[in-house]
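The values are calculated or read from the model by the stated rules, or taken from the named source; none is laboratory data. None of the values given here were measured: they were computed from a predicted structure. Methodologically, a virtual Cβ is constructed for each residue, glycine included, from the backbone with ideal geometry; neighbour enumeration extends over all protein chains shown. Note: accessible area is taken over every heavy atom of the protein model, side chains too, but ligands, DNA and RNA are not part of it. Shrake-Rupley method; radii C 1.70, N 1.55, O 1.52, S 1.80 Å.
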Amino acid sequence: MGSALRQGTRLGPGQLRFRFDGREYNARSGDTAAAALLANGIRLMGRSVKYRRPRGVMTAGLEEPNALFSVGERPFVIPNVSGPSLILRDGLVLRSQNRWPTLSFDVASVLRTGGSLFGAGFYYKTFMWPSWRVYEGIIRRLAGLGEAPGDCNLPTPSIEHLSCDVLVGGAGPAGLAAALAAARAGATVVICEREPVCGGELEFEEATIEGRPSADWVSATLSELRTRGVRLLTESTIVGETDGLLIAHREPGGLAGENSVYRIRARAFVAAMGSVEHPIAFIDNDLPGVMLLGAAERYLARFGVQVGSELVLFANHDRVYTAASRFLAAGLRVRAIVDTRGEGEFEINGGLSVRTRAELTRAGVECLSGHAVIAAQGGRGGVRAALVAPINAPDASRVIACDALLVSGGWSPAVHATLQQGGTPHFSNEISAFKAAERPGWRHDAGAANGALDLATALSDGHAAGERAARLTGRVGDSGSTAGAGGDPRPRLLPFWRSPAPVGAEKRQFVDFQNDVTVADLRQAIEEGFLDIEHIKRYTTLGVGTDQGRMGGLLGAAIAAEIQGTSVPQVGMSRLRPPYHSVTLQSLAGARVGGALRVTRRTPLHDAHATHGGQLESMGLWMRPRYYIANGPDAFTAGIAEARQVRTWGGISDASTLGKIEIAGPESGAFLDRMYLTKASTIRIGRSKYMVSLREDGMVLDDGIVLRLAEDRFVATTGTGHGEHMLSHFEYYRDTEWGGRRVTVTDVTEAWAVIVVAGPRSRDTLHTVLGSEWQVPLHRLVHMDFAAGLWRERELRLVRASFSGELAFELHCRPDIAPLLWEALIESGLAPYGLEALDILRVEKGYLTSSEMNGQTTPFDLGMSGLVKSDNHCIGSDLLDRRAFHAPTRPLLVGLKVVDAGTKFLPGAQLTVPDERRPCGFVTSSVYSPAIGEWIGLALVARSLAHAGTVLLARDPLRDGDTSVTVAPPVHFDAGAERLKA
Amino acid sequence: MTSAQAQRKVGELHIAWRALEHAVEFRAYAFPGATWPTGFPITPGSVLRAPLGRFALLHFAPGRWLAPEPAEEAALLDSAVAAGTGTQTGVGGKWQAITLTGAQAPRALAATIDLETVLSGRDCAAVRLFDCPGIVARTVEGFEVWALSSYATDLIQCLKRPILGKSALPVT
């Protein structure tokens, strides 16, 4: 039927064009990709992932295993988009997947002839000889669903947190009834419906509710729900649960790119997300043109698409007859209905299908009972006939010509989201499928998701669930009464999972279409001892990947039970993992994508660094300048220039990232005595002290300086990367071990910017910049003294401390004046230096960072034995006496120099004695020192070898090869600290 | 970002921010278990408001208070210190006050927290907004967020993104 003539509930008046595999096609507005391709006579839409078998569309929803497309043009391609869910837009470009070079001619389809070679577990047994690498390239090329996108450049996805009394999953009849009951009772309600329209199967089922057409009821219900403030999220699927929140994913038009993620905190949840129709296994049941019965009904009702002109229907329940009636009414020819149930079973189960059968027979439909489709016949272009036979005499088969074979083996309640909440499935004999076990305190299943497969039961089930959920949240208003209804009868299903087939043909009876799992695979797995359904899943790939058992999970379990000679409940269901359908990782990231991928912290001097050409890099969360572009084209060159400048003249750097913790209260000194290796309580007011803290196990945790501001107030600085950890460390002990002490801990990291002024000219420059009132302290302060005062009427602390070995001062100022102070220092002749230079300066002096204090070193290892005092008991100090801490195998911090001029070594290089292979230590830091004129470094070396003059080999096979180095004292430059004391 | 008053309008979201140059934090030695001056917001999550609605003292976590711009309440803090209940620390520059107004203000915050739950039964709450530490409180026109200064630029960019992006807004 031409596009313009089609009539369907989802079609709009507009026309549009799209491209599929390079050819242009017409479509109607509202068409999905699968519907439009079917309307254009395209049945071959993809190839299977393993055997590359030709495949057509199987479903009309997100469960689709075959018709998955890559959408867009390289590099902006989104793979694995479900054709039945993708609503077309004018000009959209689609490409089929899993084929090369074309869909109709795929080179790798030769694999389909090798089914026995590529059976279950083939990858555990094959490709071993002569080497995996021989096969790796081609296997990787063939593996995977679609291809990974390039630079998708998707718009920022939206994440929204919602909370409500009752969340209703699904806006079919049961979901709408539940939402209405809950809203009427006074509950706040949110509905998530995966389709763009509400009503579920009412879209094509001829039904009446409360004496009026079901469409009118849906419309009136939605109107009332809006009036009651119910929030309806369409095209939003509940894909999983995490952290106690239900996660709904919204893909407008079925295409990632304008998607949203809702994180919903609901006090009660009504799961009314319907059911998933599953097929029956028969030979070549994956040919294009073999489709689920319900899908064909949906394509007809929604898009006016006739999936074939001559149909054969194959099912095990009554619904097949009502569907056939609708197909006939739409002008399609139904050649035959193949019902697996025998004549006697019809009468036992009620008379409706008998009556309908009679009517259909009169209309020319051949109704076969106790029969099965043994095989589909056809080729790449699709099914051409069905081979039909009595179940008890499969050899007595005959051929019925058809161009569409519609199959239905029953329905599995959509329990994915509910089971992910920790529930267990239980088998319902009534519907021959697994339902979710009850969770009465929170979740209430309703409708088809609860096994209610007829309209009247679904409505009453939904109403009751909505009322219960509302009551649970304390809403006790009148929820009204259940809507009465008439529609399709209960399907009266008798389980039938697969048609008879010789064992040799079982490899063409497909169970899981997405993963090419066949009955033969299941049999092989079981014969090889994989009996548990979880083992079967992993060995055969049944229900793995994005499918997660939606299509083949129940069918696979049932056939596995048959092969094992046991029951379906005994085999059980494999774990259904989230998400329910594919969700782009970008959707989950929300605003944290691209340049905003992770949190960044900025110092008050961030803009000033950018102004002066600072090359900012992430150091932990902080953005810090590594070097300034004016000093060299790269970090190495600029770093050397900046370090040289500091040693010969002076420079400034931004140390605002240092953690700063203010400790206050009458017992603050005593508290700090417990937190550090040396005593804080003995620090005089106006003095500071270098302090080292230990972990509980005696390893060095961090170092820093502690300033005593007043009798009862201290400021402790921490390493940049240790700020939050040290704060937590302090707070933990304050709140637990010493909860009674009169001491408080406050993070003041952001309250104080820190500018380091270092170099021989630092004092003179500061004199100029700070003014005459700071002259006295500038000259009076000795190393580790500090003074507090005002600059530009804002607080300033001048600390005489050095991390460069030069005469240096730290200016602790309020953030608002930091940029002013920074610019004033630059105008006075001091240039900024970055982390690269800072590293050179500190390695030259043997100062430590987390490279050395790496959590595995003790104070003795780091040459801090002098700090270990017997009169101070602090966290970790008791463990310092452990014998192992003093063993000769412990490392010791040493300096390293190159033996041969012009060679170098890098951090991470392993150190060995020249003729040995076993490492005796490793390089923690290394730099090219402009002051020394060679590469120097720091290392942790076994004590027995940590003697000056020992020659070692720095082995670095992946980078710079081997370098001979000599052990030296850690302090490479100005060992007498004369410059620091200037 | 400077400490000067700044303002951006993004769709129906108005974001204004300013550094708090004179903020003070008060920490209790023990909580609960002390005698507090009259008017002190003792319940965690409660807020003391100045007569014109200004946020005077936020009890943002048990035993921890923030006076964003201390005025009259400074005397209250002094009396608490004098009573030996805790200490106060000047944290000028530590916090940025971010004011969110406009119809999209709830939506901007809902991108990172469940506002209804977080502020249920309390006036303010210490939260992580897009992984940035902060305190949030509801105002007549929208919300006030106090963010640690080093995170503020990042946070403001994140708050704007859900509105700036092409993401379809929810169907209501």
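Data for the structure
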| quantity | calculated |
| --- | --- |
| Positive minus negative residues near residue A:834 (Lys, Arg vs Asp, Glu; Cβ under 10 Å) | -3 |
| Inverse mean reciprocal Cα-Cα distance (Kirkwood Rh) of the stretch B:23-91, Å | 11.7 |
| Spread of Cα-to-Cα distances over 10 Å intervals beginning at zero, given as percent, for the stretch A:399-469 | 19, 42, 22, 10, 5, 1 |
| Net charge over other residues, Cβ less than 11 angstrom from the Cβ of residue B:26 (K, R count +1; D, E count -1) | -1 |
| Label point distance in nm, residue B:82-residue A:899, each placed 7 Å from Cα along Cα→Cβ | 7.5 |
| Per-residue mean of C-beta atoms belonging to partner chains within 10 Å, peptide B:149-156 | 6 |
| With DNA, RNA and ligands ignored, accessible area of residue A:402 (1.4 Å probe; Å², nearest 10) | 10 |
| Cα-based convex hull, the protein assembly as shown, per residue volume (Å³, whole number) | 208 |
| Delta accessible area of at least 20 Å² on complex formation, residues of the stretch A:214-252, 1.4 Å probe, chain isolated as reference | A:231, A:232, A:250 |
| The protein assembly as shown, helix-only ellipticity at 222 nm - DSSP H runs n ≥ 4, -39,500 (n - 2.57), divided by all residues, nearest 500 | -6500 deg cm²/dmol |
| Buried accessible area, chains A and B (both chains, 1.4 Å probe, Å² to nearest 100) | 4000 |
| Taking the stretch A:119-241 and dividing mean pair separation by its residue count, relative contact order in percent (alpha carbons under 8 Å, at least six apart) | 24 |
| Links that overshoot a 31 Å alpha carbon limit, given the list A:679/A:897; A:660/A:869; A:869/B:94; A:689/A:904; A:125/A:435 | A:679/A:897; A:869/B:94; A:689/A:904; A:125/A:435 |
| Extension gain (nm, one decimal) between residue A:947 and residue A:577, 0.36 nm per residue minus Cα-Cα | 127.4 nm |
| Counted charge near residue A:696, where neighbours are those whose Cβ lies closer than 14 Å (Asp, Glu -1; Lys, Arg +1) | -1 |
| Between 0 and 90°, nearest 10: helix A:214-227 axis offset from chain A longest Cα axis | 30 |
| Neighbour-limited loop hits for trypsin sites (Lys or Arg not before Pro), the stretch B:29-94 (at most 14 other Cβ within 10 Å; DSSP other than H, G, I, E, B) | B:54 |
| Of all accessible heavy-atom area on chain A, the percent that carbon and sulfur account for (1.4 Å) | 53 |
| Where trypsin sites (Lys or Arg not before Pro) fall in DSSP loop in the stretch A:668-747, at most 16 other Cβ within 10 Å | A:684, A:695 |
| Average other protein chain Cβ within 10 Å of Cβ, residues A:324-332 | 0 |
| The stretch A:67-90 versus the stretch A:803-844: alpha-carbon centroid distance in Å | 54 |
| Overall form of the stretch A:477-613 per C-alpha gyration tensor (a/c, 1.5; a/b vs b/c) | oblate |
| Chain B - percent of accessible surface contributed by carbon and sulfur, probe 1.4 Å | 55 |
| Per DSSP, loop GluC sites (Glu not before Pro) in the stretch B:19-114 with at most 13 further Cβ within 10 Å | B:72 |
| Eligible lysines near residue B:160 by straight Cα distance, threshold 18 Å, same-chain separation 8 or greater | B:9 |
| Protection proxy ranking, peptides A:556-564, A:584-592, average beta carbon neighbours within 10 Å, highest first | A:556-564, A:584-592 |
| The stretch A:386-534 - accessible surface per residue (Å², probe 1.4 Å) | 36 |
| Chain A, relative contact order in percent, only Cα pairs under 8 angstrom and at least six apart counted | 9 |
| Gap separating the Cα centres of the stretch A:963-982 and the stretch A:478-520, nearest whole Å | 79 |
| Rounded Å value of the spacing that divides the Cα centres of the stretch A:538-557 and the stretch A:200-246 | 29 |
| Chain lengthening between residue A:531 and residue A:442 when straightened (0.36 nm per residue, less Cα-Cα) | 28.6 nm |
| Complex-versus-alone comparison for the stretch A:594-634, residues with a loss of 20 Å² or more in accessible area, probe 1.4 Å | A:596, A:599, A:600, A:601, A:602, A:607 |
| Cβ neighbours within 10 Å from other chains - mean over A:813-826 | 2 |
| Accessible area per residue, Å², the stretch B:23-91 with all protein chains present, probe 1.4 Å | 40 |
